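A quick write-up on the structure given underneath.
The values are calculated or read from the model by the stated rules, or taken from the named source; none is laboratory data. Note that the structure is a prediction, hence the values are computed from the model and not measured. When we count neighbours, we look across all protein chains shown, and the Cβ atoms used for this are built from the backbone with ideal geometry, even at glycine. Keep in mind that these areas ignore ligands, DNA and RNA; they rest on the heavy atoms of the full protein, side chains included. Shrake-Rupley method; radii C 1.70, N 1.55, O 1.52, S 1.80 Å.
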Amino acid sequence: MQVKGQLRERANGSGSGPLTNSAATIRGYDNRHFLHPWEMMSSLGAANRTISTHAEGIYVYDETGRRLIDGPGGMWCTQIGYGRRDMAEAIADQVMKLAYHSPWNTAGEPSALLARKLAELSPGDLNHVSFTTGGSTAVDTAVRFIHFYNNVLGRPEKKRVISREKAYHGSTYLSATMTGKERLETRFDIEKRLVHFLPNVNPNLRPQTMSEADWCREKVADLENAILELGPNTVGGFIAEPIMASGGVIIPPEGYFKACWEVCRKYDVLFIADEVVTAFGRLGHWFASESVFGVVPDMITCAKGLTSGYLPLGACLISDRLLEEVRAKSSADLMFNNGYTYSGHPVCCAAALKNIEIFEQEGILEHVREISPYFLERILRLESNPIVGDARGMGLMGCVEGRLDGEADRLTLDREFGHHIDRECEALGLIVRPLVHMCVFSPPLVIRRPQIDEMFDILEHAIQRVSAEIGG
Ligand SMILES: Cc1ncc(COP(=O)(O)O)c(C=O)c1O
């Protein structure tokens, strides 16, 4: 009871405001010691990041007490919004009941209930859940399973995974190997024998005279040709985000995902849907693969929205069919040597169960389906500004892209567009995520219509300011 009482006090505000240390101290320590994800070496030790102090609903507060709309939903993950006392209590209850048990040799209630729930919510026969610590380790697990599966089936050469330019699959060695971001390849060693990249599927890149349907056929043919060129006996899997998220909310042409899945079926290539961003409501469904794109993958990876960012947790869902095939070939000592100290962590699983319960009780998926057409309408309005080249979105994912000078390399042009917009938005009370010449946003799913207006009014204003500054 004492724990609950304390949490209640915090949720009401008394412990959530000012920092315990001065902002200068925290910033100093952060600059000096925290090597942040994707740290820019040129500003190492001097990044002077804004300090987030507390949050409520869709709003985050900084060290000066300013209230900012959380445009990117943390990092595509704060689905149910911040400051949920019921979530805090579910977490605290599990901490007091059982903070940890070894997943190697014991079962636990939260992980068993959550595995069953994910099996129920996911499509087809995806009834086995390998719990991980986040999205990268879920992708790692999926790729390792492809290797394991084909070794067991006696075809050790069938290992290569086909991925796509601009895809992001994570930051472990293996998931980074599957990632199609140009810069990664130049700065890290990638095991190229494990992966093959297909060209960008963004329909905006097609020649002006080409229809989207033809573009789709071409992109699907890219996959089939790659399988044939590499040899179907060497290609073990295809990994794809239904919508590329950090690649810039790239929405593939209509029918693309399903047609790729059919190609994979034809050549006995396993289809991994990386739903680390799209699962848990981002597109208005638990999982987007079947509900939005008509595909039942062989494996689905998920994380982020699974706990709405309250605690780290990921999962790789694997089909019964694959595990049965493996079991049929099993020798006495065969094991899938994959898993982590924190696989199925009871507290993280309790958070995920509470998160799913909140989704169900509050009709969050229905809310996203209802509100997303308006979200899209507001995104599309941004295109009227001359410095905007493209604005697009689906569900509660959106992207605004600076106008580019046609033929030249996109990475070298208008690099600053994202940063200009980000700076102006932050001054006006909105966090966006700058990505070179783009800004992406994916607000908490509980965002309401007036808050969508508030968000896009700021964005429009910021774009006008930047337009006045750099000319448009
Ligand atoms: C599609 C996708 N897959 C995998 C990952 C990696 O997830 P994590 O950062 O939780 O390891 C991300 C992270 O943004 C992602 O967007």
Subject >> Residue in the stretch 179-214 that is surrounded by the most Cβ atoms within 10 Å (Cβ to Cβ), counting only those that are within 18 Å of ASP390 (Cα to Cα) and in contact with a helix residue (DSSP H, G or I) (Cβ under 7 Å, 6 or more places away or on another chain) >> reply: VAL201
**OP:** Being closer than 26 Å to ASN225 by Cα, away from the ligand (no atom under 16 Å from the Cβ) and assigned to a loop (DSSP other than H, G, I, E, B) narrows it down to one of PRO156, PRO103, so name that one.
**Re:** PRO156
Subject >> Those residues of the stretch 75-110 which are among the charged types (D, E, K, R) and more than 30 Å from VAL249 (Cβ to Cβ), in sequence order >> reply: ARG85, ASP86, GLU89, ASP93, LYS97, GLU109
**OP:** Pick out the one residue from LEU68, LEU121, LEU114, LEU98 that is among the hydrophobic types (A, V, I, L, M, F, W, C) and touching a Pro at 6+ places or on another chain (Cβ under 6 Å).
**Re:** LEU98
**OP:** Looking at (1) in a helix (DSSP H, G or I); (2) open to solvent by less than 60 Å² (accessible area, probe 1.4 Å), find the lone condition where SER308 falls short.
**Re:** (1)
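Restricting to the stretch 165-178, and then to whatever is assigned to a loop (DSSP other than H, G, I, E, B) and near the ligand (Cβ under 8 Å from one of its atoms), can you tell me which residue is most open to solvent (accessible area, probe 1.4 Å)? So that I can check it myself, show each step before the final result.
Step one: of the stretch 165-178, the residues assigned to a loop (DSSP other than H, G, I, E, B) are 165-172, 178.
Subsequent filtering for residues that are near the ligand (Cβ under 8 Å from one of its atoms) retains 167-172.
Working: ALA167: 1, TYR168: 61, HIS169: 5, GLY170: 4, SER171: 85, THR172: 37 Å².
Among residues in the stretch 165-178 that are assigned to a loop (DSSP other than H, G, I, E, B) and near the ligand (Cβ under 8 Å from one of its atoms), the one most open to solvent (accessible area, probe 1.4 Å) is SER171.
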Original post:
Does any residue of the stretch 185-198 turn out to be more than 15 Å from the ligand (Cβ to nearest atom), part of a helix (DSSP H, G or I) and in contact with a Lys or Arg (Cβ under 8 Å, 6 or more places away or on another chain)?
Top reply: yes
Original post:
Can you tell me which residues in the stretch 48-98 are away from the ligand (no atom under 16 Å from the Cβ), among the hydrophobic types (A, V, I, L, M, F, W, C), in a loop (DSSP other than H, G, I, E, B) and within 25 Å of GLY170 (Cβ to Cβ)?
Top reply: ILE80
**OP:** Please name all residue pairs, on different chains or six or more residues apart, with Cβ atoms under 7 Å, provided the first residue is in the stretch 31-51 and is within 19 Å of ASP422 (Cβ to Cβ) and of a type in the set (S, T, N, Q) and the second residue is modelled with pLDDT of 95 or more and away from the ligand (no atom under 16 Å from the Cβ).
**Re:** ASN48/ARG27; ASN48/ASN31; THR50/ASP62
Original post:
Counting only residues that are charged (D, E, K, R), more than 16 Å from the ligand (Cβ to nearest atom) and crowded, with 18+ Cβ neighbours inside 10 Å, how many does the stretch 118-153 have?
Top reply: 0
Original post:
Looking at the stretch 229-243, is at least one residue under 17 Å from the mean Cα position of the chain (by Cα), farther than 15 Å from ILE162 by Cα and open to solvent by 10 Å² or more (accessible area, probe 1.4 Å)?
Top reply: no
